[in-house]
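Here is the structure we will look at.
The values are calculated or read from the model by the stated rules, or taken from the named source; none is laboratory data. For clarity, every value in this text was computed on a predicted model and none was experimentally measured. Cβ: placed from backbone, ideal geometry, glycine included. Neighbour counts: every protein chain shown. All accessible areas refer to the heavy atoms of the entire protein, side chains included, with ligands and DNA or RNA removed. Shrake-Rupley method; radii C 1.70, N 1.55, O 1.52, S 1.80 Å.
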Amino acid sequence: MTEVIQWFPGHMAKARRQVAEQIKLADVVLEVVDARAPRATANPDLEEIAAGKPRVVVLGKADLADPDATRAWVRELGGSDREAVALDAVRGKGTGELLGAVRRLFQPELARLTLKGRLPRAARAMILGMPNVGKSSVINRLAGGRKAAVGDRPGITRGQQWIRLNKEVDLLDTPGILVPRIRRQSEGIVLAAIGMVKEEVFRADWVAGAVLPLVWQMASGALEERLGLKQLAADPQTNLVAMAWAKGLIRPGGQPDPERAAHLFLRELRDGRLGRLTFERPGEAIPELLAVSPPISG
């Protein structure tokens, strides 16, 4: 496969080093993933970086994902030293469960401190996740919009700050970290489609055309109602042209504009206007997607 997404910029390696250094200050790690693609949006490096730390997997953007699939992921991702919580940051649903999970996972450390004669303190939680995964929305919901800095702590670097959530939990924000490489082409396509990658670094028509068959399986009715796609053709360009005609996206000279149709489709998908969609489920990999980069004349 020809690489079509410029994925891991140089500053990501620096951010990874910062996180690896700062994580020693944390009692509990909060890993934010996108509920629509929890495996694809998880960073496997965290198994090494967060080794030995209790972890809460936060399935963010749960309001955009299939609720049955999200419940299945919560069961799948939980474990003895790890909990999983679905969070709808828009409505705040799941906030109490998330804070409760942090408190539970902090209890062994709090008991150890008490045995040593130390005064009780708030749990120190570190929040991690890929860029654009929704970390800021989670923080704002947990902090009630306050984002109040707790104060100076050793080793705090630019882009990181302690936030007082309540008297029981302090939160350390960190830079987002991408996975060093895209593991499978289909994962890269879905990551781009749901907004995990800036559109400046990939061709919208390439991604939209490739992911359309998967969306069609889940939301053919919404695609017809919202974008006028009445049937799915085998050729990605044909589908984009059909949407362009249906939505009146016409270039000067009277020709359809598939590039504008691709951008419109991706906006509809990311905003949830095509329904609550989940692209991968426990035990099932994202299916292989046809990756054809059709020429677009300007």
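Below are the figures for this structure:
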quantity: Set Asp68, Asp63, Asp34: member being crowded, with 20+ Cβ neighbours inside 10 Å, modelled with pLDDT of 80 or more and either acidic (Asp, Glu) or more than 30 Å from Leu289 (Cα to Cα) (or both); calculated: Asp34
quantity: Given (1) open to solvent by less than 50 Å² (accessible area, probe 1.4 Å); (2) of a type in the set (Ser, Thr, Tyr); (3) farther than 24 Å from Met196 by Cβ, number of the condition Thr95 does not satisfy; calculated: (3)
quantity: Exclusive hit being touching a residue at least 24 places away in the same chain (Cβ under 8 Å), farther than 30 Å from Pro44 by Cα, open to solvent by 20 Å² or more (accessible area, probe 1.4 Å) and more than 23 Å from the chain's Cα centre (by Cα), set Arg260, Arg226, Arg273, Arg251; calculated: Arg226
quantity: Flag for Phe279 being over 25 Å from Arg71 (Cβ atoms), of a type in the set (Phe, Trp, Tyr) and open to solvent by less than 40 Å² (accessible area, probe 1.4 Å); calculated: no
quantity: Those residues of the range 233-291 which are assigned to a loop (DSSP other than H, G, I, E, B) and of a type in the set (Ser, Thr, Tyr), in sequence order; calculated: Thr278
quantity: Per-region count, the range 184-223, residues modelled with pLDDT under 90 and surrounded by fewer than 16 Cβ atoms within 10 Å (Cβ to Cβ); calculated: 5
quantity: Verdict on Gly78 being closer than 16 Å to Val29 by Cβ and free of Cβ contacts under 8 Å to residues at least 24 places away in the same chain; calculated: yes
quantity: When residues of the range 48-84 are limited to those that are in a helix (DSSP H, G or I) and among the small types (Gly, Ala, Ser), the one farthest from Ala101 (Cα to Cα); calculated: Ala69
quantity: The range 104-128, subset open to solvent by 10 Å² or more (accessible area, probe 1.4 Å) and small (Gly, Ala, Ser), residue farthest from Val56 (Cα to Cα); calculated: Gly117
quantity: Conditions (1) surrounded by 21 or more Cβ atoms within 10 Å (Cβ to Cβ); (2) modelled with pLDDT of 80 or more; (3) under 19 Å from the mean Cα position of the chain (by Cα); number of the one not met by Asp27; calculated: (3)
quantity: Flag for Arg146 being within 30 Å of Ala101 (Cβ to Cβ), surrounded by 14 or more Cβ atoms within 10 Å (Cβ to Cβ), modelled with pLDDT under 90 and not hydrophobic (A, V, I, L, M, F, W, C); calculated: no
quantity: Long-range neighbours under 6 Å by Cβ, at least six apart or interchain, first residue on the phi > 0 side of the Ramachandran plot within the range 194-214, second open to solvent by 20 Å² or more (accessible area, probe 1.4 Å); calculated: Gly195/Asn132; Gly195/Arg270
